[in-house]
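Here's the structure, in structure tokens; my notes come after.
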Amino acid sequence: MRKLKLQMQMTVDGFVAGPEGQLDWMNFDMDEQLLHFINELIDTSDTILMGRKMTPGFITYWENVVDNQPQSPEFPFAQKMVNTPKIVFSKTVQHIAGKNTRVENGDLVMAVNKLKNEEGKDILVYGGASFVASLIKHNLIDELNLFINPTAISNGLKIFTEHTPLALIHSTAYASGIVVNQFKPRNKYTAN
């Protein structure tokens, strides 16, 4: 069975975006070791899941790098983002423009469990906040990789909306100031 792995940026006070979805608090000065870990997450996955709200900006950004910025240091990673199949979960739209992108309108739990039971590499989810909160609520995420930025914003969007016991697997501090905490849900796995 494939694992559903979350990769999400977060503030030290537990927010994944500002009240209006702002991401101006994120640390984009990532060191080589952190970039290696990010590439490892995508290289061990062959599908990306996203919520509808974050998808247009995500697709526009990475496709622009691939189509117009071949000299960019982000170009190799952008190619992965564009070439990896993306499934966008939505209750309101049937189609979203983008390369290797399709929309899933079915039941969230059934659709994700079906994907997890298919052959292939793991599945990576990037967001957005309400989509990830739904995945957590339905106990669908197998591994949470939370990139804790050295910033507090005091108000914003959260992905944890109820009591959620987690087991810490690994924690790594990077030179950029970001600490990646890797968790598994306690109700799904026995913590050692």
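With a simple spin-label model that places each label point 7 Å from the Cα along the Cα-to-Cβ direction, the separation between Ala111 and Thr92 comes to 1.5 nm. With each label modelled as a point 7 angstrom along the Cα→C-beta vector, the His163-Lys80 pair spans 3.8 nm. Taking label points 7 Å from Cα along the Cα-to-Cβ direction, Asp29 and Asn68 give a separation of 2.7 nm.
One way to sum up the overall shape of the range 127-192 is the equivalent ellipsoid from its Cα gyration tensor, whose semi-axes run 20, 18, 9 Å, largest first.
Centroid-to-centroid, using Cα positions, the range 20-86 and the range 142-165 are 20 Å apart.
Bridgeable lysines around Lys80 (alpha carbons under 22 Å apart, same-chain partners fewer than 8 residues away excluded): Lys3, Lys5, Lys53, Lys99, Lys116, Lys121.
Please give the peptides 10-19, 106-115 ranked by average Cβ packing (other Cβ atoms within 10 Å per residue), highest first, as a rough proxy for protection.
On the way: 10-19: 18.0, 106-115: 14.2.
Those peptides, ordered most packed to least, come out 10-19, 106-115.
From helices alone, the chain scores -8500 deg cm²/dmol at 222 nm; the rule is -39500 (n - 2.57) for each run of n ≥ 4 DSSP H residues, then divide by the residue total.
Dividing the alpha-carbon Rg of the chain by 2.2 N^0.38 Å yields what? Please list the in-between numbers first.
Values: Rg = 16.1 Å, N = 192, 2.2 N^0.38 = 16.2 Å.
The chain yields a ratio of 1.00.
Since every read-out is calculated from the coordinates, none of them should be taken as a lab result. Since we're looking at a predicted model, the values are computed, not measured. Every residue, glycine among them, receives a Cβ derived from its backbone with ideal geometry; neighbour counts consider all protein chains shown.
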